[in-house]
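In what follows, a single structure is set out as structure tokens and then discussed.
The values are calculated or read from the model by the stated rules, or taken from the named source; none is laboratory data. Treat the numbers as computed from the prediction; the structure is a model and nothing was measured. For neighbour counting, all protein chains shown are included, and Cβ atoms are generated from backbone atoms with ideal geometry for every residue, glycine included.
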Amino acid sequence: MESNLFPRSQTVSTALAQVMLASYDAILTRLPLPLTTMAANFSSVPVLDYAQTASPELRPQFIRELQHALINVGFLYLANVPVQTDELLRYIPKLFALPQEEKNKIAMVNSKHFLGYNKLGAEFTKGATDWREQFDIATPHVSRFVEGRGDPDYWSLWGPSQWPSEDLIPGFKATMEKYLLEVQELSYNFANLISEALGLPQGSLAQFYDRPEFMQHRGKIVCYPQTDRPAQGVGPHYDAGFLTFLLQASDHKGLQVQNLTGDWIDVPPIPNTFVVNIGRALEFVTRGLARATSHRVISPSDNTVPGPRYSVPFFQNIGLDVRLTEHVLNFPPEILQLRDARGELNATDSVNFTEFDREPSGRVNLIGRVKSHPDVAERHYPELFRQIFPNGAPAQVSAY
Ligand SMILES: O=C(O)CCC(=O)C(=O)O
Ligand SMILES: [Fe+2]
């Protein structure tokens, strides 16, 4: 039923988004609870209205829709989020238009924390080059790492961001910092909604975060240029952490998710929404109830929307020292039944972040960063680099 709700590959306007919301609601309200009758596969991504969470009458409906999106899709659009985006959106073209030598001054290769600028072609997914340019910028954070004390290497995965010169792009730093803090707040609130949707006591997911000052979440501002033919903007992958909040910052299609049968489904931009998806860590601790969904970006190539595609993902992390196997959450049997009704997940095209069953979260993330940014790893984590790339050459990457 759900799989035929919305046509694939459509250009979605705000009006259409409202129609989608309305028809989705209509279907849901006709369904008995729990939603065991819903077909598990999907051919479009549901749209949820965050404003409903503030209304005692509408909140149960939101929670029901969230439960379905978590278990059966792993991706959702979130409308009416309390985050200001206009100012940031105006800065993005200016940021990428900075002179190349200015961008190079804050190159990621300077940063032990994998923060900073990457030029086109500097990143790899599944051994192939990603065709995107990006600035990795993270939330403020107090580091636990002290040099020479024998601290775990992954404690230095987090640290200060590198910023472009204030003179060249005045006000950008303050705007981005404010944006990241607003999304951070949304991400913690959203984690509580997830607890509720999966039948857990309030605050159950708090055990996965470190003390607030030690936490760091990561944002990126990404530019996918037009290419001659469809190319890998970013290859198939899962995100690592708990939750990703993605602002599609231009009108281009290109983001796709893989459904249960392995087909790639378009996730076109819908104005004034975020795309929210589940990372591997949240999938792990919810024993597969919340799906981490394989996704990718195809570069814009047909000029139907001119110029580059821009996006701003925000990755909500969990504490660096958290070992997921040490935290067992108890889900009500009726919730676990919903997962069983969905059935087994087929193999996808994504293979990353499989180490959560044995390594602390920080180490899993560090391994992921070494594979995707070998130049940074070679300079700052030479031992780990040699373990992962014994022949030294990123072209021989096989796992990603
Ligand atoms: O640019 C996008 O729309 C998605 C990017 C993404 O999936 C990622 O960087 O993890
Ligand atoms: Fe991603």
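Before moving on, here are some points about what is shown:
- Glu182 meets each of the listed conditions (1) modelled with pLDDT of 95 or more; (2) among the charged types (D, E, K, R); (3) more than 20 Å from Pro269 (Cβ to Cβ); (4) surrounded by fewer than 20 Cβ atoms within 10 Å (Cβ to Cβ) apart from (3).
- The set of residues in segment 250-262 being outside any strand (DSSP E or B) and either more than 9 Å from ligand 1 (Cβ to nearest atom) or over 18 Å from Lys220 (Cα atoms) (or both) consists of Ser250, Asp251, His252, Lys253, Asn259, Leu260, Thr261, Gly262.
- Some residue of segment 276-290 being surrounded by fewer than 23 Cβ atoms within 10 Å (Cβ to Cβ), modelled with pLDDT of 95 or more and part of a strand (DSSP E or B): no
- Complete set of residues in segment 374-388 that are closer than 18 Å to Trp155 by Cβ and surrounded by 18 or more Cβ atoms within 10 Å (Cβ to Cβ): Val376, Ala377, His380, Tyr381, Leu384, Phe385
- The number of residues in segment 212-233 that are within 9 Å of ligand 1 (Cβ to nearest atom) and within 21 Å of Gln162 (Cβ to Cβ) comes to 2.
- Restricting Phe124, Phe145, Phe114 to those that are under 19 Å from the mean Cα position of the chain (by Cα) and either over 27 Å from Pro269 (Cα atoms) or without any contact (Cβ under 8 Å) to a residue 60 or more places away in the chain (or both) reduces the list to Phe114.
- Segment 288-334 - residue that is within 29 Å of Glu213 (Cβ to Cβ) and acidic (Asp, Glu) and, of those, nearest to ligand 1 (Cβ to nearest atom): Asp321
- Lone qualifier among Ala17, Ala69, Ala40 - being part of a loop (DSSP other than H, G, I, E, B) and either at pLDDT 95 or above or surrounded by 16 or more Cβ atoms within 10 Å (Cβ to Cβ) (or both): Ala40
- Residue among Val276, Val285 that is within 13 Å of ligand 1 (Cβ to nearest atom) and either in contact with a Pro (Cβ under 6 Å, 6 or more places away or on another chain) or of a type outside the set (Lys, Arg) (or both): Val276
- Residue among Asp228, Asp251, Asp266 that is more than 15 Å from ligand 2 (Cβ to nearest atom), charged (D, E, K, R) and within 17 Å of the chain's Cα centre (by Cα): Asp266
- Residue in segment 295-304 that is outside any loop (DSSP other than H, G, I, E, B) and surrounded by fewer than 23 Cβ atoms within 10 Å (Cβ to Cβ) present: yes
- Pro82 modelled with pLDDT under 95 and outside any helix (DSSP H, G or I): no
- Matching residues, segment 116-140, being modelled with pLDDT under 95, buried (at least 19 other Cβ atoms within 10 Å of the Cβ) and more than 16 Å from Tyr224 (Cα to Cα): Lys126
- For the condition assigned to a strand (DSSP E or B) and under 25 Å from Leu324 (Cβ atoms), Thr244 qualifies.
- Filtered residues of segment 56-102 (kept if out of contact with any helix residue (DSSP H, G or I) (no Cβ under 8 Å at 6 or more places or on another chain) and farther than 26 Å from Val257 by Cβ): Pro56, Glu57, Pro60, Asp86, Arg90, Pro93, Ala97, Leu98, Pro99, Gln100, Glu101, Glu102
- Taking every residue in segment 315-334 that is at pLDDT below 95 and pairing it with any residue that is surrounded by fewer than 11 Cβ atoms within 10 Å (Cβ to Cβ), at least 6 positions away or on another chain, the pairs with Cβ-Cβ distances below 9 Å are Leu324/Asp357; Thr325/Asp357.
- If only residues of segment 234-243 that are among the hydrophobic types (A, V, I, L, M, F, W, C) and near ligand 1 (Cβ under 10 Å from one of its atoms) are counted, the one that is surrounded by the fewest Cβ atoms within 10 Å (Cβ to Cβ) is Ala240.
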